[in-house]
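Asker: Dropping the structure in here first, questions after.
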Amino acid sequence: MDMVSLIGTILGFVVIILGTILKGSTVAALWNPAAFVIVIFGTLAALLVQNQGKVLKHALKMMSMVYKPPRHQPGDLISRIVGWSEISRRQGLLGLEPQIEAESDSFISKGLQLLVDGGEPEAIRSVLEVDLETREAVDLAGAKVYENAGIYSPTLGIIGAVMGLMAVMQNLADPSKLGHGIAAAFVATIYGVALANMFMLPMSARLKSLISKQSKMREILIEGLVSIAQGDNPRQIEARLQGYLT
């Protein structure tokens, strides 16, 4: 669990609630069902129009990455690659076969399988690079969903505010309702802007950062497997891959 991201999310809610109280309002004033429906469901409607179902489904799965990010330890990966190289020099490429079943990462398993099958170095590189680009594109599309939500929600908040003000204008004959009506109208704006700038846009940026780190790990893996296929010395492989850590 990434406690920093979790604290950031909780802090976002606390800031809004505490700010409301310090401004002399009440927490109850932040709740408005109509504003919630307009902003949340309006944003969802926009996302449904823009994206395919499989993209939205993948985006939902990616949300957990923000709070439980995958481990990115390039140093450990390089050590494992060097270990595979030493095994291949002692036992041949078939000696790596037990490593395939032990791997939980499908990308690593695929790369090792190509290596064990005796693929040519450039063929291995070509296959894995296509896989890398495809996975990266799918993940970036998922992160883009949150970015788009951050773009749409403030606009939906303004729409909600305008609709609320329209309702207020219909009750000008009753001054006692004006203050409450105007306050309720602007709750939609708070929903839209807060949702975008405290959650959706930061979440999108975090996911893009994690995707970039994941792609770098896969680049290291590709270079290492190709080097093993070429029969390079383990120490040479280690020295080459260390360049990714600078």
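The values are calculated or read from the model by the stated rules, or taken from the named source; none is laboratory data. Since the model is a prediction, treat every value here as computed from it, not as a measurement. Glycine gets a Cβ as well: all are built from the backbone with ideal geometry, and neighbour counts include every protein chain shown. We work out accessible area using only protein heavy atoms, side chains counted, and drop any ligands, DNA or RNA first. Shrake-Rupley method; radii C 1.70, N 1.55, O 1.52, S 1.80 Å.
Asker: What is the total of Lys pairs in the stretch 56-149 with C-alpha atoms under 20 Å apart, excluding same-chain pairs fewer than 8 positions apart?
Answerer: Working: 57/68; 57/144; 61/144; 68/144.
Close lysine pairs found across the stretch 56-149: 4.
Asker: Expressed as a fraction of 2.2 N^0.38 Å, the rule-of-thumb size for a compact globular protein of N residues, what is the C-alpha radius of gyration of the stretch 1-116?
Answerer: Rg over 2.2 N^0.38 Å, computed on Cα atoms: 1.81.
Asker: Here's a follow-up. What fraction of the Cα pairs in the stretch 155-218, stated in percent, has a spacing above 20 angstrom?
Answerer: Roughly 49 percent, rounded to a whole number.
Asker: Can you work out the FRET efficiency for the pair residue 31 and residue 166, with r the C-beta to C-beta distance and R0 = 22 Å, to the nearest 0.05?
Answerer: Values: r = 20 Å, r/R0 = 0.93.
According to the calculation, E is roughly 0.60.
Asker: Also, quick follow-up: Against the empirical 2.2 N^0.38 Å scaling, what ratio does the C-alpha Rg of the stretch 125-165 come to? Mind dumping the intermediate values first?
Answerer: On the way: Rg = 18.0 Å, N = 41, 2.2 N^0.38 = 9.0 Å.
Ratio of Rg to 2.2 N^0.38 Å for the stretch 125-165: 2.00.
Asker: Restricting attention to the stretch 7-86, which chymotrypsin sites (Phe, Trp or Tyr not before Pro) occupy a DSSP loop and are surrounded by at most 16 other Cβ atoms within 10 Å?
Answerer: Here the chymotrypsin sites (Phe, Trp or Tyr not before Pro) that fit, given the DSSP loop and packing criteria, are 31.
Asker: To continue, here is another question. Given a 1.4 angstrom probe, what's the average accessible area per residue across the stretch 1-69, in square angstrom? The partial results should precede the final answer.
Answerer: Values: 4640 Å² over 69 residues.
Computed with neighbouring chains in place, this is 67 Å² per residue.
Asker: If you roll a 1.4 Å probe over the heavy atoms of the protein chains, what accessible area per residue do you get for the stretch 76-134, in Å²?
Answerer: 54 Å²
Asker: Looking at the stretch 93-176, I'd like the Rg to Rh ratio, where Rg is from alpha-carbon atoms and Rh is Kirkwood's inverse mean 1/r.
Answerer: 1.55
Asker: I would also like to ask the following. With the Cα gyration tensor of the stretch 207-246 in hand, convert its eigenvalues to equivalent ellipsoid semi-axes via √(5λ) and list them largest first in whole Å. Don't skip to the answer; put the middle values down first.
Answerer: On the way: eigenvalues 105, 24, 3 Å².
Taking √(5λ) for each eigenvalue gives 23, 11, 4 Å, largest first.
Asker: Oh, and also: Beyond 21 Å, what share of the Cα-Cα pairs of the chain remains, rounded to the nearest whole percent?
Answerer: Tail of P(r) above 21 Å: 67 percent of Cα pairs.
Asker: Report the rotationally averaged projected area of the stretch 100-246 based on its alpha-carbon convex hull, in square nanometres.
Answerer: Across all orientations, the stretch 100-246 yields a mean hull projection of 12.3 nm².
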